[in-house]
Amino acid sequence: MSVSALAAPARLPWLPLLVGAGVLLAWDLAVRLAQVPQVLLPSPGSVAASLWQAAPSLARHALATGGAATGAFLVAVLAGMVLAAVMMLSPLLNRLLYPNLLLFQLLPKVALGPLFVVWLGIGLPSLFAFAVFVSIFPVAVGTLAGLRAADPSQLRMCRAAGGSEWQAFRYIRLPTSMPYVFAGAKVAATMAFTGATVGEFISANAGLGYMVMQAQARSDTPLIFAALAVLCVLGAALYGAVGLAEDAARRRWGTRR
Amino acid sequence: MPEAPALIAEAIRFDAVGKTFPTRPVPLRAVESVSFAVRRGEFVAILGPSGCGKSTLLMMAAGLETPTEGRLERGGVKLHGPHRQTGVMFQDATLLPWLSVLDNVLFPATIRRIPRAQVLEAAMRLIETVGLKGFEGARPHELSGGMRQRAAICRALVLDPDLILMDEPFSALDAITRDEMGDVLLDLWQHTQKSAIFVTHSIREAVLLADRVLVMSRRPATVAEELVVPFPRPRTPALADSAEFGAVVAHLRGVIAGNMA
């Protein structure tokens, strides 16, 4: 399915591109005809000009944000999987942790950002911890659901062959959970960028979020748009990388271990 | 028991075995005082209607369920959990979809931490015997239902167990494939000295494959009737077309009908 999509030469999605181009054109026309002030809504052209002019500093800040978000994403995926595995293997820890995890899932976690500044101060540590915090939940909850989705008849077969709980986990539950892990990781990829950007709004002196705040203070709206465009590209890149990893895992999984 | 070397001669023995599940509000009595033994090399079919508790009997033999009464002995020793020398086949093939046919067949070796090289040859031979040669690298979803059960047979046999337990292994297959699988099993069986318990609700299958047929009552399951199948081995599928075969099947059908009345 997605394997063949990858194997086939990539075909450009013409229709969505057409819609995108149409929106840009309409935006440009609207700004020109209605004479919207640049501060409210800059034209696509001036955003592009700003992208070009600020390219060096955009790149520097993009590196900071991209690095923080990717790092936080990786930590969140690993820690989320470990958390789910621990809850799967220990009924006691599951009873203790799972309801709290669900509760946290329901909270507007972004609102807790200022607390991280209180605890860890302004800068990378609080920003990083905050990004991990907001992106760990989808991985943990998704992985746990996947580990629990193992086929009971396969588990029984494993037990009949003399398999221990741990072996059932390793040979049946873990492979079963893989699609769930990737689904959680995709959500986590976007959450990591949300966390990193919001963290930069409130607690940083570098990064695209910080740049947006600076541009806003100077009423440099084209630069805000330019920074947001870069952010979109970064987010899409991480999401795409997770998708590629999923395809690779799906192709390799099982042919030979 | 007059047979002196019972310890050596019996693969498995049920001694007044009973099983009650602690369901609510009423506990479920699944098996009632079942006693029988399977000799080494003997093929015993357990015949009974669906839901009579015969699968529970088999799950106890597999060490997956514990009897609530009586004693269950494997090779003269009380059975504690799954036994290393027992192979099990279930209603579904229960192959792992992310593993190749070969890796599925080798799964029991993986679980028992036996080096792959040590059982690879046996695995390949079994795969060839059941007619899956060339499909070692295929994934389960690429196989038909019958081919999947063939792989499951190989998996049950790969560690060369002395007892095979089969829980209606062909019941999920269509009639033609079902007959075909019976032939594969029959063919495989003539060359081994393994004991087997084969749970089925097909009289034809039971008579064709087994040395002895135990007819179970309705739940709670107990042995209602025992029949020694009078046909010598080696048997061929053609046996099922003979008049004598038909007579035995008819007799058993009468026993079951009388039992259920």
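What follows draws every value from the coordinates through simple rules; no lab data is involved. This is a predicted model, so every value here is computed, not measured. All Cβ positions, glycine included, derive from the backbone under ideal geometry; neighbour counts span all protein chains shown.
A compact table of results
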item: Dipole-positive endmost among A:Ala69, A:Ala161, A:Leu234 within chain A (Cβ charges, Cα centre); result: A:Ala161
item: In segment B:185-261, trypsin sites (Lys or Arg not before Pro) in a DSSP loop with at most 14 other beta-carbon atoms within 10 Å; result: B:Arg218
item: Positive minus negative residues near B:Leu79 (Lys, Arg vs Asp, Glu; Cβ under 10 Å); result: +3
item: Cut-off under 5 Å, modelled amide H: who pairs with B:Gly18 long-range; result: B:Ser33, B:Val34, B:Thr68, B:Glu69, B:Gly70
item: Nearest-20 debye value, segment A:54-251 charge dipole, Cβ charges on Lys, Arg, Asp, Glu; result: 460
item: Principal-axis tilt of helix A:44-53 within chain A, Cα atoms, nearest 10 degrees; result: 80
item: Cβ-based net charge around B:Gly53, under 10 Å, with every Lys or Arg adding one and every Asp or Glu removing one; result: +4
item: Rounded to 10°, Cα long-axis angle of helix B:145-157 versus longest principal axis of chain B; result: 80
item: Spatial separation of Cα centroids for segment B:149-220 and segment A:75-146, in angstrom; result: 50
item: Segment B:123-194 - charge dipole about Cα centre, Lys and Arg +1 at Cβ, Asp and Glu -1, debye rounded to 20; result: 240
item: Under-25-angstrom lysine pairs by C-alpha in chain B, whenever the two are 8 or more apart or on separate chains; result: 6
item: Exposure proxy order (Cβ contacts within 10 Å, fewest to most) of B:Met89, B:Met181; result: B:Met181, B:Met89
item: Among A:Ser177, B:Thr86, B:Ala123 - extreme Cα towards positive end, dipole of the protein assembly as shown, charges at beta-carbon; result: A:Ser177
item: Set of lysines with alpha-carbon distance to A:Lys109 below 22 Å, sequence-local pairs under 8 removed; result: A:Lys186
item: D_trans [Stokes-Einstein, Kirkwood Rh over alpha-carbon pairs] for segment B:93-160, 10 °C, 1.306 mPa s, µm² s⁻¹; result: 138
item: Neighbourhood net charge (12 Å Cβ-Cβ; Lys/Arg +1, Asp/Glu -1) for B:Met216; result: 0
item: For B:Ile164, residues with placed amide H under 5 Å, excluding near neighbours; result: B:Gly87, B:Ser195, B:Ala196, B:Ile197
item: Reduced Cα scattering model of segment B:1-86, Debye log10 I(q)/I(0), q = 0.18 Å⁻¹; result: -0.79
item: Rg/Rg_ref, segment A:54-251, where Rg_ref = 2.2 N^0.38 Å and atoms are Cα; result: 1.19
item: Max mean-square fluctuation residue, GNM over chain A, Cα-Cα springs under 10 Å, options A:Ser153, A:Ser50, A:Ser135; result: A:Ser153
item: Rounded tilt (10° steps) of B:243-260 against the dominant C-alpha axis of chain B; result: 60
item: Averaged over B:104-111, number of beta-carbon atoms from partner chains that fall within 10 Å; result: 4
item: Linear extension gain, B:Asp241 paired with B:His141, 0.36 nm per residue minus alpha-carbon span; result: 32.5 nm
